[in-house]
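Comments concern the structure below.
The values are calculated or read from the model by the stated rules, or taken from the named source; none is laboratory data. What you are looking at is a predicted structure, and each value in this text was computed from that prediction instead of being measured. Here the Cβ is made from the backbone with ideal geometry for all residues, glycine too, and neighbour counts use every protein chain on show.
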Amino acid sequence: MAKHAQSDKTVTRERFSSELAVFFATLGSAVGLGNIWKFPSMVGQNGGGAFVLVYILSVILVALPVMVGEFIIGRRTRANSIDAFDVLKTSPFWKVIGYFGVLAAFSIMLFYTAVAGWVYSYAFKAIRGDFAVIAQLSAEQAAANVAAQFDGVAGGMSWPVMWQLILLLTLAVILIGGVKKGLERVTKTLMPVFLLLILVCILWSLRSPGLREGITFLFKPDFSKITGGVVLEAMGLAFFKLSIGMGTMITYGSYFTPKDKLMGTASRVAVSDVVVSLLIGTIIFPAVFAFGMQPGQGPGLLFNTIPLVFSEMPAGNVLLSLFFILASIAATTAILSMAEVVVAFLCERFHFKRWQSSLAVVSIVAVLSILTAHPSVFFGSATPHIAIRPFGAPISFFDFFDQLSSLILMPLGGLLVVILVGWFVRKDLVKDELSNYGALNNTRLIAGFRFLSRFVAPVLVLTVFLYAFIK
Ligand code: PHE
């Protein structure tokens, strides 16, 4: 079966067409609502600089080796994230990485597409001029007005749900296009534009009266805020941010060519991704302090601050619209990569056509996500958010899927990836992939990778896991 599947794939499989395409597609997966929405709200809730530091350490010591490990598995096997383990001829046990990955892909998509629906609806609100009035209000009034608009969006159902459906439809169209005409074309065009706009925003936020306080909050570590739980959250964020531990980078790696540099691509993507998050923090936190808001307010932070940031600027409304359009783009290219994990699997294992698997994935996400994130659509407007109690305290489905993926499935998947690549895959195979079959002269770097993946990353993930859960 595995052999058959593999020979089938060799005929039909696409690859990215250049190293630049590989970079932008991978970056398109990494950069998303994680940078724009999750990073600032988690930094705000966990006390600022110290969290940022632990996060960056997790990226370097844990996330990077996992990412490279996934690239190795993907490019070597040229298969989706489940069949890859057949091709590698490892024990069938390792397929749990793939199955957990599919579970994680769905659980992320369920809440992520709902937030992306808010982002799309903010782009629309901005274009329509809903935020234009705040320019004339005092700082407090402006903050209150924007907060009320967010409550309307987050609590109200019809607009965000409609935008979520539009997003899912867009997604289906791109997915059906395939690797080159879909994933590659979209990410290569849109990611550079996204990066450019962030730079424009930064120039403006440098003039904010809250600049000094914002920057201090973001960069000055206060270690009294760090607990085992906070470290697990920072590590979970690193996994989420770099889209690892769930098969995305195995799947994307399987579209790389023999010339693409695995360690080079991973480091470039990781560095760019951290820089984007810090830049977004530099845009958001000065505004938080300038407008007297709470940094720890949680998921509403992005939506409550960005309209204020732009209200002060000339042509603010145009820039605000652009910002949310670009945030929509970043969200879309990230979701694309989650969905691709499942689409590739369905196509290769069950011989679905691309359009069939794309539509199947998108429809399942649409129904489940609206059921869980917007239950009132199905059960009437009086339905509160359904709370479940997986670990004692009641949490919403939204938080449940978020925590299940970031705090459990992805770190577990990542742990298994580094153990597999570090201890069970043949050393010369790893060396072949990392040196592009001898073309690169990078023995030292390879030794560094082996050390991180065999010892540092597994020990760190295990320690953080045990510490956070036993306490
Ligand atoms: N990395 C993406 C972000 O930060 C989220 C993501 C997670 C994408 C997992 C793909 C897979 O927004």
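Number of residues in region 18-52 that are small (Gly, Ala, Ser) and within 16 Å of the ligand (Cβ to nearest atom): the value is 7.
The residue that is farthest from the chain's Cα centre (by Cα), counting only those in region 202-253 that are part of a helix (DSSP H, G or I) and among the β-branched types (Val, Ile, Thr), is Thr216.
Residues are listed down the side, and each one gets a yes or a no for (1) within 24 Å of Asn317 (Cβ to Cβ); (2) surrounded by 14 or more Cβ atoms within 10 Å (Cβ to Cβ); (3) in contact with a Ser or Thr (Cβ under 8 Å, 6 or more places away or on another chain):
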position	(1), (2), (3)
Ile127	yes, yes, yes
Ala135	yes, yes, yes
Gln149	yes, yes, no
Ile174	no, yes, yes
Val179	no, yes, no
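Scan region 109-121 and tell me whether some residue there is under 30 Å from Phe150 (Cα atoms) and away from the ligand (no atom under 16 Å from the Cβ). Walk me through it before giving the result.
Here is the first cut: in region 109-121, the residues under 30 Å from Phe150 (Cα atoms) are 109-121.
Pick out the ones that are also away from the ligand (no atom under 16 Å from the Cβ) and you get 121.
Scanning region 109-121 turns up at least one residue that is under 30 Å from Phe150 (Cα atoms) and away from the ligand (no atom under 16 Å from the Cβ).
Restricted to region 292-302, and to residues that are within 16 Å of the ligand (Cβ to nearest atom) and modelled with pLDDT of 90 or more, which residue is surrounded by the most Cβ atoms within 10 Å (Cβ to Cβ)? Filtering region 292-302 for residues that are within 16 Å of the ligand (Cβ to nearest atom) and modelled with pLDDT of 90 or more, the one surrounded by the most Cβ atoms within 10 Å (Cβ to Cβ) comes out as Leu301. Just to be sure before I move on: is Val96 more than 14 Å from the ligand (Cβ to nearest atom), modelled with pLDDT of 95 or more and of a type in the set (A, V, I, L, M, F, W, C) in the structure I sent? So Val96 fits the description; yes. Where helices (runs of 4 or more DSSP H) fall entirely within region 56-132, those with at least 3 residues that are within 21 Å of Val365 (Cα to Cα) and of a type in the set (Phe, Trp, Tyr) are at 95-128. Listed conditions (1) within 22 Å of Gly152 (Cα to Cα); (2) of a type outside the set (A, V, I, L, M, F, W, C); (3) surrounded by fewer than 24 Cβ atoms within 10 Å (Cβ to Cβ) are all met by Thr305, apart from (3).
Within this structure, Ala315 fails the test of being surrounded by 24 or more Cβ atoms within 10 Å (Cβ to Cβ) and either under 14 Å from the mean Cα position of the chain (by Cα) or among the aliphatic types (A, V, I, L, M) (or both).
Residues checked against (1) under 30 Å from Gly98 (Cβ atoms); (2) crowded, with 23+ Cβ neighbours inside 10 Å; (3) among the basic types (Lys, Arg):
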{"site": "Trp204", "(1), (2), (3)": "no, no, no"}
{"site": "Pro209", "(1), (2), (3)": "no, no, no"}
{"site": "Ile215", "(1), (2), (3)": "no, no, no"}
{"site": "Lys220", "(1), (2), (3)": "no, no, yes"}
{"site": "Ile226", "(1), (2), (3)": "no, no, no"}
{"site": "Val231", "(1), (2), (3)": "yes, no, no"}
{"site": "Ala234", "(1), (2), (3)": "yes, yes, no"}
{"site": "Ala238", "(1), (2), (3)": "yes, yes, no"}
{"site": "Leu242", "(1), (2), (3)": "yes, yes, no"}
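For region 310-398, which fully contained helices (runs of 4 or more DSSP H) count at least 2 residues that are modelled with pLDDT under 85 and over 20 Å from Trp37 (Cβ atoms)? Let's see the steps before the verdict.
Numbers: elements: 316-350, 354-373, 376-379.
It comes to 376-379.
Here region 14-28 is the region considered, the condition is being in a helix (DSSP H, G or I), surrounded by 17 or more Cβ atoms within 10 Å (Cβ to Cβ) and not polar (S, T, N, Q), and the residue that is farthest from the chain's Cα centre (by Cα) is Ala21.
Apart from one condition, Pro40 fits all of (1) outside any helix (DSSP H, G or I); (2) crowded, with 19+ Cβ neighbours inside 10 Å; the exception is (1). Restricting to region 319-336, and then to whatever is among the polar types (S, T, N, Q) and under 18 Å from Glu184 (Cβ atoms), can you tell me which residue is farthest from the ligand (Cβ to nearest atom)? The residue in question is Thr332. You will find that of Val115, Val146, Val96, Val133, the residue that is over 26 Å from Leu242 (Cα atoms) and in contact with a Leu (Cβ under 8 Å, 6 or more places away or on another chain) is Val146 and no other. Using the structure shown, decide if Ala63 is among the small types (Gly, Ala, Ser) and either modelled with pLDDT of 95 or more or within 12 Å of the ligand (Cβ to nearest atom) (or both). Yes; evaluated as a whole, the condition is true for this residue.
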